Amino acid sequence: MGATEKRGLWTERCQGCGQCILAITGSICPVCRCAKRLFNGPCGGSTAGKCEINPDVDCAWQLIIDRLRAMDKLDEYEKLCPIKDWSTDRAGGPRKVAREDVQQ
């Protein structure tokens, strides 16, 4: 499930994994948005709110913390999520799909 960033560019926002924790992450999916798919907070490698894997990508957990703070629900950040059953998940992290017009 995704969102249109601009015409012809769609970004994945949720994997629909069936173990949804959006209610406690400010409606930001860490499974999809975090490059490491971390379920209980940031990895510690992010810098200035950017992902250590790709500095062009915002750290998902920084986005979650900022959103929870803005919603006055930062106490939700303290809740630990149970271990996820990854056996039914797909690999690859968040995907972007860009439509390229083919010139013929």
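Output the residues belonging to region 34-73 that are surrounded by 14 or more Cβ atoms within 10 Å (Cβ to Cβ), modelled with pLDDT of 90 or more and either of a type in the set (S, T, N, Q) or part of a helix (DSSP H, G or I) (or both).
Ala60, Trp61, Gln62, Leu63, Ile64, Ile65, Asp66, Arg67, Leu68
Need pairs with beta-carbon distance below 9 Å; first residue over 22 Å from Ala70 (Cβ atoms) and within region 28-50, second surrounded by 20 or more Cβ atoms within 10 Å (Cβ to Cβ) and β-branched (Val, Ile, Thr); sequence gap 6+ or separate chains.
Every condition considered, the pairs that remain are Arg37/Val31.
The values are calculated or read from the model by the stated rules, or taken from the named source; none is laboratory data. Everything numeric here is computed off the predicted structure, so don't read it as measured data. Cβ atoms come from the backbone with ideal geometry, glycine included; neighbour counts cover every protein chain shown.
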